[in-house]
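I have placed the structure first, in the form of structure tokens, so that the comments after it can refer back to it.
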Amino acid sequence: MTSLSSGESAAHPDRIDTSRPHPARMYDYFLGGKDNYEVDQRAAEQFMKAAPEVREGVLANRHFMHRAVRHVVAEGGVRQILDVGTGLPTEPNVHQIARSVAPGTRVAYVDNDPIVATHSRALADDPDTAVVLADLRDPRAILDHPEVRAVIDFDRPVALLLVAVVHFVADAQDPAGIVATLRDALPAGSYLVLSHATGDVHEDRREDAAAVYNKATASLNLRSHTQVLDFFGDFAMVEPGLVRVTDWRPEEVRRPDAPPIGIYGGVARKGA
């Protein structure tokens, strides 16, 4: 999960801001990681008061990503992955999941947080993996980045991962146009894997939860099922379609008292 700071240049996100909570570091805290600061911890604890199920939610989102990556590699035959908004490394990482199915799968990680880039480079020191410091709000710069191009051949199918990142793009920043630019660059046979927070599940708490991010480096923009589905454009949805991440091809039965998770997830394929 990346962050998108409105106060920094989208093209040159090279400054580590420790004065405000950072969504990637908050996400790391939710997952039980240690790559976060006190400011992130305070914001994360405040968010958990508004949304007590958040830790289960981020784990469910992570597990959705695992299943989706295995699907596009094992069943879709994709051998290239562009992961935008990768977040702080959490094992198993995308390249580990993909290569457990198909060794040699090439992966380009993209995030706009220098901390994420530094940690990711330490884990991915091989010629089939790139770690790029770039911003989702400048999709053309991602697509044209020489390190991305060194790993990803856009003449062959690519799996584009936008996992828990587009909800940090405000409507005024044209998220639909950003996602469309990335989608349009993919050849036939490519996949889009996308997850997105929603207020559909806990409507009574959506304002309190979103307010926590008002002081962070990026706002949280909760969107409806219809709005999230639109990000897939004319790509063909893979069954079961756009559903809560816990319901996308689950491998385990959820416990009866598990809280509903307010994150949609889906996988879609680009046709000929």
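The values are calculated or read from the model by the stated rules, or taken from the named source; none is laboratory data. Values in this document were obtained by computation on a predicted structure and should not be read as measured data. Cβ placement follows ideal geometry from the backbone for every residue including glycine, while neighbour counts extend to all protein chains displayed. The area values use the complete protein model at the heavy-atom level, side chains included, leaving out ligands, DNA and RNA. Shrake-Rupley method; radii C 1.70, N 1.55, O 1.52, S 1.80 Å.
Here the Karplus curve 6.51 cos²θ - 1.76 cosθ + 1.60, taken at θ = phi - 60°, turns the phi angles of the range 88-94 into couplings of 5, x, 9, 6, x, 7, 4 Hz, with x standing for Gly and Pro. With R₀ set to 22 Å, the beta-carbon distance separating Ala211 from Glu56 gives a calculated FRET efficiency near 0.55.
Segment Asp153..Ala188, full-extension length gain: 11.3 nm, with 0.36 nm per residue of separation and the alpha-carbon distance subtracted. Can you bin the range 32-135 into rounded, prolate or oblate? Criterion: square roots of the alpha carbon gyration tensor eigenvalues sorted a ≥ b ≥ c, rounded for a/c under 1.5, prolate for a/b above b/c, oblate for the rest. Cα axes put the range 32-135 in the oblate bin.
Glu38 sits with roughly 120 Å² accessible to a 1.4 Å probe, with DNA, RNA and ligands left out of the calculation.
Residues in the chain average 42 Å² of solvent-accessible surface per residue, probe 1.4 Å, ligands and nucleic acids excluded. Sorting Lys49, Lys270 by accessible area puts them as Lys49, Lys270; the probe is 1.4 Å, largest comes first, and only protein heavy atoms count. First measure r as the distance between the Cβ atoms of Met237 and Arg42, then evaluate 1/(1 + (r/R0)^6) with R0 = 41 Å and state the FRET efficiency to the nearest 0.05. The calculated FRET efficiency here is 0.60. For the chain, the alpha carbon positions stretch 46, 42, 34 Å along the principal axes, listed from largest to smallest. For the pair Val253 and Ala172, a Förster radius of 41 Å applied to the C-beta separation gives a FRET efficiency near 0.50, rounded to the nearest 0.05.
Amide H contacts of Arg106 (H built 1.01 Å from N, in plane; Pro and chain starts excluded): Gln80, Ile81 sit under 5 Å, all sequence-distant by 5 or more or on other chains. Backbone phi angles across the range 219-234, fed through the Karplus curve with coefficients 6.51, -1.76 and 1.60 (θ = phi - 60°), yield HN-Hα couplings of 7, 9, 10, 6, 10, 6, 4, 4, 5, 5, 4, 4, 5, 7, x, 9 Hz in residue order; Gly and Pro are listed as x. Within the listed set Ala218, Ala150, Ala68, the Gaussian network model of the chain (springs between alpha-carbon atoms below 10 Å) gives the highest mean-square fluctuation for Ala150. Surface composition of the chain: carbon and sulfur atoms hold 48% of the protein heavy-atom accessible area at a 1.4 Å probe.
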